[in-house]
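A.B. asks: Quick one: the structure is below, and I'll ask about it shortly.
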Amino acid sequence: MSTFRSIEWLDEGIVRMLDQRKLPIETVYNDYENYTDLAQAIKDMVTRGAPAIAIAASYGLAITAVRSQATNVDALNSELATAMATLRASRPTAVNLFWAMDRMEEIINNPKFDSVTALKDAVLAEAHAIAEEDVETNKSIGRNAMPLVPEGATIIHHCNTGSLATMDYGTALGIIRMAHEQGKNVFALLDETRPRLQGGRLSAYELKEQGVPFKVIVDGASGHFMRRYGVDLCVVGADRVAANGDTANKIGTYNLAVVAHENGVPFYVAAPTTTIDMATKHGDEIEIEERHASEITHVRECQITPDDVEVGNPAFDITPAKYITAVITEKGVVYPPFEEGLAKLMGSEI
Ligand code: MRU
């Protein structure tokens, strides 16, 4: 069973990232030596997926710290604050980015790290911790999901939520992987996920490497597969889950959830608790990133629409909580009513 890391820290103060824009045609690694280039790489989706964005940005701060020429803690703090502002502005929807930056901020502001060397070491150690914890979290999500995956299940998955979207293993795709590893004889239907084809390019790449049987389908085919052949469950990731369970995820998730509801197919959201945003009451409060028109008008270099057409390209949509069967996290599975269940899980008042 293959495993790989798409984000890697090199001791000389370099972040190496697998360029996901080029997969599966080319395997190219890019090296980043400063936070501005790294923030641009997140924007350009060299790396993508909520947990991976958070990890890359944390290492963006680590590069800044390790390479800093600052001679006192105040000067280093101010360099880190500037880097953090740029990294926070890279992509708006996935809350994991802001969670990771808040966690790094606690280190940066901790008076305990009262020398340049101590602060540099602490920033790097925290970035490593954020990265490594993610792997165990994903495996726990998988373990919690196993009772929900019947033997021989056909499972629809949207976008890419695997090793490429995380530090390793993945969330929703990790569930499919774990079911396969446990010999459950599962079959995946991978939504190709227009416009950037994270399903057709990236999830297919991962499942092929892992030997999981699958078919790539166009996003609009899910209803047909449910009606004609039967689908046992859908499982998707999330970029932000609001306190009421409304979930932001890759554009097209909402359509999939509605068609699953219509066909009586359970619809699961798999996400670490770092994706749950109790400060956001419902989905309409979530900022939806609008991306460049060229993602719709072109496939790679090839133009597919007439010149100068207007394009709407929201990167995410909101699936209302009423279409979600359960949210699967590393701490447990939450069922409706989500306000209560998520508050209990997150240890917050409602
Ligand atoms: O635009 P992307 O590719 O970053 O969107 C990714 C998704 O929507 C994923 O489903 C989500 O981030 C969860 S990844 C574990």
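A.B. asks: List the number of the failed condition for THR137; all other conditions in (1) under 30 Å from TYR229 (Cα atoms); (2) within 14 Å of the ligand (Cβ to nearest atom); (3) polar (S, T, N, Q) hold.
C.D. replies: That leaves (1) as the condition not met.
A.B. asks: Please find, among GLU339, GLU330, the residue that is within 16 Å of the ligand (Cβ to nearest atom), in contact (Cβ under 8 Å) with a residue 12 or more places away in the chain, surrounded by 12 or more Cβ atoms within 10 Å (Cβ to Cβ) and not β-branched (Val, Ile, Thr). Give the derivation first.
C.D. replies: Details: GLU339 fails: within 16 Å of the ligand (Cβ to nearest atom).
Step by step, each of GLU339, GLU330 is checked, and only GLU330 is within 16 Å of the ligand (Cβ to nearest atom), in contact (Cβ under 8 Å) with a residue 12 or more places away in the chain, surrounded by 12 or more Cβ atoms within 10 Å (Cβ to Cβ) and not β-branched (Val, Ile, Thr).
A.B. asks: Scan the stretch 113-126 and tell me whether some residue there is in contact (Cβ under 8 Å) with a residue 12 or more places away in the chain, under 22 Å from MET167 (Cα atoms) and within 15 Å of the ligand (Cβ to nearest atom).
C.D. replies: No, the stretch 113-126 contains no residue that is in contact (Cβ under 8 Å) with a residue 12 or more places away in the chain, under 22 Å from MET167 (Cα atoms) and within 15 Å of the ligand (Cβ to nearest atom).
A.B. asks: Which ones in the stretch 143-164 are in a helix (DSSP H, G or I) and either more than 12 Å from the ligand (Cβ to nearest atom) or touching a Lys or Arg at 6+ places or on another chain (Cβ under 7 Å) (or both)? Give the steps one after another, and end with the answer.
C.D. replies: First, pick out the residues of the stretch 143-164 that are in a helix (DSSP H, G or I): 143-148, 163-164.
Result: ARG143, ASN144, ALA145, MET146, PRO147, LEU148.
A.B. asks: Please find, among ASP317, ASP308, the residue that is at positive phi and either in contact with a strand residue (DSSP E or B) (Cβ under 9 Å, 6 or more places away or on another chain) or loosely packed, with under 12 Cβ neighbours inside 10 Å (or both).
C.D. replies: On the way: ASP317 fails: at positive phi.
So the residue among ASP317, ASP308 that is at positive phi and either in contact with a strand residue (DSSP E or B) (Cβ under 9 Å, 6 or more places away or on another chain) or loosely packed, with under 12 Cβ neighbours inside 10 Å (or both) is ASP308.
A.B. asks: Of everything in the stretch 89-106 that's out of contact with any Asp or Glu (no Cβ under 9 Å at 6 or more places or on another chain) and in a loop (DSSP other than H, G, I, E, B), which residue is nearest to the ligand (Cβ to nearest atom)?
C.D. replies: Taking the candidates together, the pick is SER90.
A.B. asks: A further question follows. Would you say MET45 is on the phi > 0 side of the Ramachandran plot and among the hydrophobic types (A, V, I, L, M, F, W, C)?
C.D. replies: On the way: on the phi > 0 side of the Ramachandran plot: yes; among the hydrophobic types (A, V, I, L, M, F, W, C): yes.
Taking the combined requirement at face value, the residue satisfies it.
A.B. asks: Check TYR29, TYR59 and return the single one that is crowded, with 23+ Cβ neighbours inside 10 Å and either of a type outside the set (D, E, K, R) or under 20 Å from the mean Cα position of the chain (by Cα) (or both).
C.D. replies: Numbers: TYR29 fails: crowded, with 23+ Cβ neighbours inside 10 Å.
Result: TYR59 is the single residue among TYR29, TYR59 that is crowded, with 23+ Cβ neighbours inside 10 Å and either of a type outside the set (D, E, K, R) or under 20 Å from the mean Cα position of the chain (by Cα) (or both).
A.B. asks: Which is assigned by TED's automatic domain parsing to the domain that holds PRO336, over 22 Å from the mean Cα position of the chain (by Cα) and crowded, with 18+ Cβ neighbours inside 10 Å, of PHE214, PHE225? Lay out the reasoning, then the answer.
C.D. replies: Values: PHE214 fails: over 22 Å from the mean Cα position of the chain (by Cα).
Residue meeting the stated conditions: PHE225.
A.B. asks: Continuing with this model, one more query. Among the listed residues THR161, THR166, THR193, which satisfies the condition of being in the same structural domain as GLY230 (by TED's automatic domain parsing), touching a Pro at 6+ places or on another chain (Cβ under 7 Å) and hydroxyl-bearing (Ser, Thr, Tyr)?
C.D. replies: Checking each option against the conditions leaves just THR166.
A.B. asks: Does the stretch 56-74 contain at least one residue that is closer than 30 Å to VAL236 by Cα, within 15 Å of the ligand (Cβ to nearest atom) and touching a residue at least 12 places away in the same chain (Cβ under 8 Å)?
C.D. replies: Applying the first criterion (closer than 30 Å to VAL236 by Cα) to the stretch 56-74 yields 56-61.
Checking the rest, the ones that are also within 15 Å of the ligand (Cβ to nearest atom) come to 56-57.
Add one more test, that the residue is touching a residue at least 12 places away in the same chain (Cβ under 8 Å), and what stays is 56-57.
Taking every residue of the stretch 56-74 in turn, at least one turns out to be closer than 30 Å to VAL236 by Cα, within 15 Å of the ligand (Cβ to nearest atom) and touching a residue at least 12 places away in the same chain (Cβ under 8 Å).
A.B. asks: Still on this model: Has the stretch 271-292 got any residue that is assigned to a strand (DSSP E or B), free of Cβ contacts under 8 Å to residues at least 60 places away in the same chain and surrounded by fewer than 16 Cβ atoms within 10 Å (Cβ to Cβ)? Full working, then the answer.
C.D. replies: The first filter runs over the stretch 271-292 and keeps only residues assigned to a strand (DSSP E or B), leaving 276-277, 290.
After this cut, where a residue has to be free of Cβ contacts under 8 Å to residues at least 60 places away in the same chain as well, the list is 290.
The next check asks that each one be surrounded by fewer than 16 Cβ atoms within 10 Å (Cβ to Cβ); those that pass are 290.
Among the residues of the stretch 271-292, at least one is assigned to a strand (DSSP E or B), free of Cβ contacts under 8 Å to residues at least 60 places away in the same chain and surrounded by fewer than 16 Cβ atoms within 10 Å (Cβ to Cβ), which makes the answer yes.
A.B. asks: Return the only residue of ALA85, ALA41, ALA54, ALA81 being part of a helix (DSSP H, G or I), outside the structural domain of GLY174 (by TED's automatic domain parsing) and surrounded by 23 or more Cβ atoms within 10 Å (Cβ to Cβ). Walk me through how you get there before you give the answer.
C.D. replies: Working: ALA85 fails: surrounded by 23 or more Cβ atoms within 10 Å (Cβ to Cβ); ALA41 fails: surrounded by 23 or more Cβ atoms within 10 Å (Cβ to Cβ); ALA81 fails: surrounded by 23 or more Cβ atoms within 10 Å (Cβ to Cβ).
Selected residue: ALA54, the only one of ALA85, ALA41, ALA54, ALA81 that is part of a helix (DSSP H, G or I), outside the structural domain of GLY174 (by TED's automatic domain parsing) and surrounded by 23 or more Cβ atoms within 10 Å (Cβ to Cβ).
Residue by residue, here is whether (1) within 11 Å of the ligand (Cβ to nearest atom); (2) over 19 Å from PRO92 (Cα atoms); (3) in a loop (DSSP other than H, G, I, E, B) holds:
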| residue | (1), (2), (3) |
| --- | --- |
| LEU189 | no, yes, no |
| GLY200 | no, yes, no |
| PHE225 | no, yes, no |
| ASN255 | no, yes, no |
| VAL259 | no, yes, no |
| VAL265 | no, yes, yes |
| VAL269 | yes, yes, no |
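Rundown of residues vs (1) in contact with a Leu (Cβ under 6 Å, 6 or more places away or on another chain); (2) among the small types (Gly, Ala, Ser); (3) under 25 Å from MET45 (Cα atoms), yes/no style:
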{"site": "VAL259", "(1), (2), (3)": "no, no, no"}
{"site": "PHE267", "(1), (2), (3)": "no, no, no"}
{"site": "ALA270", "(1), (2), (3)": "no, yes, yes"}
{"site": "THR273", "(1), (2), (3)": "no, no, yes"}
{"site": "ASP277", "(1), (2), (3)": "no, no, yes"}
{"site": "GLU287", "(1), (2), (3)": "no, no, yes"}
{"site": "ARG291", "(1), (2), (3)": "no, no, yes"}
{"site": "THR297", "(1), (2), (3)": "no, no, yes"}
{"site": "ILE304", "(1), (2), (3)": "no, no, yes"}
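The values are calculated or read from the model by the stated rules, or taken from the named source; none is laboratory data. These numbers come from a predicted model, not from an experiment. We place every Cβ from the backbone using ideal geometry, glycine too, and count neighbours over all the protein chains shown.
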